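Structure first, then comments.
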Amino acid sequence: MKDSVKSVVVITVICLVVALLLGVTNYFTAPVIKKGNEERTQATLSELIEDGKFQKMKTENLSGVPESVTAIYKETTGLGYVIEISTKGYDAGLVIMCAISPEGKIIKTATLSSNETPTIGGNKVVNNDSYTSKYLGKDVSNIDGVDTVSGATITSNAYKNALKDALDAFAAVSGKF
């Protein structure tokens with residue numbers, strides 16, 4: 001009996017020490033991670049609309065913005081919008097940014113993160129400029145004309161649906177269409 005109590009106390013102390021160490025680590029690394037994410041977002045925004053200055057919009061009270069939209073950035077000089085979408089393809093964690101012109105046409109897209117199968121969905125869709133470039137110049141009237149990729153249907157459908165959500169969000173914030 002005495003040994004079992006001792007074992008419980010030792011395990012409890014070990015758990016407390018590990019939890020404390022994880023908490024301290026998180027306290028010091030969380031701001032660094034947040035700053036890195038913000039810098040990556042700004043770099044991607046600048047890549048999507050060159051020389052743009054962006055203002056993050058509040059989307060809480062906007063109707064018509066799909067749930068998959070995680071952020072909307074308005075370019076302050078009127079060059080367009082960048083919509084961030086988080087969706088699920090073959091796996092969760094597909095995060096895409098889509099730049100849309102003031103006329104409602106897709107200017108450029110970028111994938112921020114993806115958990116898609118690297119050799120299938122990743123290489124055929126997410127990391128494939130020949131596929132993603134098919135969306136350039138598309139708007140709500142013709143985006144359905146882009147075909148899915150054989151062998152990566154789930155990922156290509158998720159990509160297309162994410163861009164449709166971006167166009168819907170653009171319509172909601174711009175008042176066009």
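Does residue 71 satisfy the condition of being in a strand (DSSP E or B) and either surrounded by 10 or more Cβ atoms within 10 Å (Cβ to Cβ) or at pLDDT 85 or above (or both)? For residue 71, the condition - in a strand (DSSP E or B) and either surrounded by 10 or more Cβ atoms within 10 Å (Cβ to Cβ) or at pLDDT 85 or above (or both) - is met.
Residue-wise test of (1) touching an Asp or Glu at 6+ places or on another chain (Cβ under 6 Å); (2) surrounded by 18 or more Cβ atoms within 10 Å (Cβ to Cβ); (3) closer than 16 Å to residue 57 by Cβ; (4) without any contact (Cβ under 8 Å) to a residue 60 or more places away in the chain.
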{"position": "138", "(1), (2), (3), (4)": "no, yes, no, yes"}
{"position": "142", "(1), (2), (3), (4)": "no, no, no, yes"}
{"position": "145", "(1), (2), (3), (4)": "no, no, no, yes"}
{"position": "148", "(1), (2), (3), (4)": "no, no, no, yes"}
{"position": "155", "(1), (2), (3), (4)": "yes, yes, no, no"}
{"position": "160", "(1), (2), (3), (4)": "no, yes, no, yes"}
{"position": "163", "(1), (2), (3), (4)": "no, yes, no, no"}
{"position": "166", "(1), (2), (3), (4)": "no, yes, yes, no"}
{"position": "171", "(1), (2), (3), (4)": "no, no, yes, no"}
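The number of residues in segment 85-96 being of a type in the set (Val, Ile, Thr) and not in a strand (DSSP E or B) comes to 0. For residue 99, the criteria (1) at pLDDT 85 or above; (2) surrounded by 18 or more Cβ atoms within 10 Å (Cβ to Cβ); (3) in a loop (DSSP other than H, G, I, E, B) hold in every case but one, which is (3). When each of 25, 44 is tested for being within 17 Å of the chain's Cα centre (by Cα) and assigned to a helix (DSSP H, G or I), the lone residue that passes is 44. Within segment 111-143, the only residue that satisfies the criterion of being within 25 Å of residue 42 (Cα to Cα), assigned to a helix (DSSP H, G or I) and basic (Lys, Arg) is 134.
The values are calculated or read from the model by the stated rules, or taken from the named source; none is laboratory data. Everything numeric in this text was worked out from a predicted model, so none of it was measured. Glycine also receives a Cβ, built like all others from the backbone with ideal geometry; neighbour counts cover every protein chain displayed.
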